[in-house]
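S.K.: Quick one: this structure, given as structure tokens, is what I'll be asking you about.
The values are calculated or read from the model by the stated rules, or taken from the named source; none is laboratory data. Here the structure is a predicted model, which means the values were calculated and not measured. Note that each Cβ is placed from the backbone with ideal geometry, even for glycine, and that neighbours are counted across all protein chains shown. The protein model used for the area step is the full one, side chains on, heavy atoms only, and it has no ligands, DNA or RNA in it. Shrake-Rupley method; radii C 1.70, N 1.55, O 1.52, S 1.80 Å.
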Amino acid sequence: MAEKTARRGLLIILSSPSGAGKSTLARRLRDWDPSIEFSISATTRKPREGEQHGREYFFVSEPEFKRSVTDGAMLEHAHVFGNFYGSPRGPVEAAIGAGRDVLFDIDWQGAQQIRNSPLDTNTLSIFLLPPSIRELRRRLEERGQDDAATIDRRMQKSWDEISHWDGYDFVLVNEDLQATEEKLKSIITAARLRRTQQPRLTEHVRKLQAEFEDRP
Ligand code: GDP
Ligand code: ADP
């Protein structure tokens, strides 16, 4: 049987209530390591000012979204804030098959579906908590992308998301942005050093063994 020497990429899941800092941190992680691929979700929500189809999201109609789900083209999907969101399967499988890590900004329902899938052995899930509920609201207001009613709705829903914090591998309180970024990088660096993530080590150990046996 052929030995497996190719590394499969990690599925890095980032969840938090809206406004806790997922998008900001995801951007910083990609600047740190451009080889991390971002899973671009499909959504039925309308684009915000400045958002581009195929960059932040694939903006699709509800019938299109439902067809993708029926066709099995979504790795996971969920209904969040009155809209459908899902992670297209194809790009994720291609990336991890080629050994590239994929970052997901998805809610707890999506994280749970990936955890219960055959891909679970390769996942790393991280939950971000805000330092306080007041600060969460302040960040949503400061972001300035939603009207007051939408902010109220997101705040109402925040507990739904926070209440699932204990299903994640890692939990970070995003108080100081720089400190959270450093911790995230450490988590990813450590996960990449798992023995199972380094199949090529078998070759290295074999070389060490040959050297050991040949030593004078
Ligand atoms: P924001 O992240 O709060 O700025 O607002 P969005 O409308 O972009 O996202 C709303 C929620 O949907 C967030 O909790 C995202 O993590 C979640 N979400 C985005 N894409 C997906 C997806 O593909 N699957 C799932 N399950 N959740 C998603
Ligand atoms: P999410 O993607 O989770 O909805 P964002 O990344 O859009 O959240 O962050 C919401 C707002 O909070 C943004 O304006 C962002 O600049 C700000 N923010 C994120 N993390 C911090 C932090 N640690 N301290 C202060 N502001 C932050």
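S.K.: Per DSSP H run of at least 4 residues, take -39500 (n - 2.57); add these up for the chain, divide by its residues and hand me the 222 nm value, nearest 500 deg cm²/dmol.
M.R.: So the helix-based figure for the chain works out to -13000 deg cm²/dmol.
S.K.: Then there is this: Specify the angular offset, from 0 to 90 degrees and rounded to the nearest 10, of the alpha carbon long axis of helix 177-192 from the longest principal axis of the alpha carbons in the chain.
M.R.: Compared with the principal axis, the helix lies near 40 degrees.
S.K.: Please arrange F104, F170 by accessible surface area, largest first, computed with a 1.4 Å probe and ligands excluded. Please report the intermediate quantities before stating the final value.
M.R.: Numbers: F104 0, F170 80 Å².
Descending order: F170, F104.
S.K.: Lysines near K185 by alpha-carbon distance under 16 Å, same-chain residues fewer than 8 away left out - which ones?
M.R.: Hits, sequence-local ones excluded: K22.
S.K.: If all Cα-Cα distances of the chain are sorted into 10 Å bins from 0 onward, what percent lands in each bin, rounded to whole numbers?
M.R.: 7, 30, 34, 17, 6, 3, 1, 0
S.K.: Got a number for carbon plus sulfur as a percent of the range 40-111's accessible area, 1.4 Å probe?
M.R.: Working: 1840 of 3490 Å².
Ligands and nucleic acids excluded, carbon and sulfur give 53 percent.
S.K.: At a probe radius of 1.4 Å, what is the per-residue accessible area of E175, in Å² to the nearest 10?
M.R.: Probe radius 1.4 Å; accessible area of E175 about 130 Å².
S.K.: To continue, here is another question. Within the P(r) computed for the range 100-216, what percentage of the Cα pairs occupies the region above 24 Å? Could the numbers behind the result be given before it?
M.R.: On the way: 3135 of 6786 pairs.
So the portion of pairs separated by more than 24 Å is 46 percent.
S.K.: Now for a different question. Show me the three semi-axes of the equivalent ellipsoid for the range 159-216, from the C-alpha gyration tensor (sqrt of 5 times each eigenvalue), largest first, rounded to whole Å.
M.R.: Numbers: eigenvalues 338, 39, 9 Å².
Square roots of five times the eigenvalues give 41, 14, 7 Å.
S.K.: By the scheme Lys and Arg +1, Asp and Glu -1, what is the net charge of all other residues having a beta-carbon under 10 Å from that of N83? Don't skip to the end; give the middle numbers.
M.R.: Details: positive: R45, K46; negative: E62.
In short, +1.
S.K.: Note down the net charge around I114, summing +1 for each Lys or Arg and -1 for each Asp or Glu among other residues with Cβ under 10 Å from its Cβ. Don't skip to the answer; put the middle values down first.
M.R.: Values: positive: R115; negative: E76, D120.
For residues surrounding I114, the net value is -1.
S.K.: Equivalent ellipsoid semi-axes for the range 76-115, as square roots of 5 times the alpha carbon gyration tensor eigenvalues: give them largest first, rounded to whole Å.
M.R.: Values: eigenvalues 93, 19, 12 Å².
Working from the Cα gyration tensor, I get semi-axes of 22, 10, 8 Å.
S.K.: Quick one: Debye curve from the alpha-carbon atoms of the range 1-91 only, equal weights, vacuum; give me log10 I(q)/I(0) at q = 0.10, 0.21 Å⁻¹ to two decimals.
M.R.: For the range 1-91 at q = 0.10, 0.21 Å⁻¹, log10 I(q)/I(0) is -0.33, -1.19.
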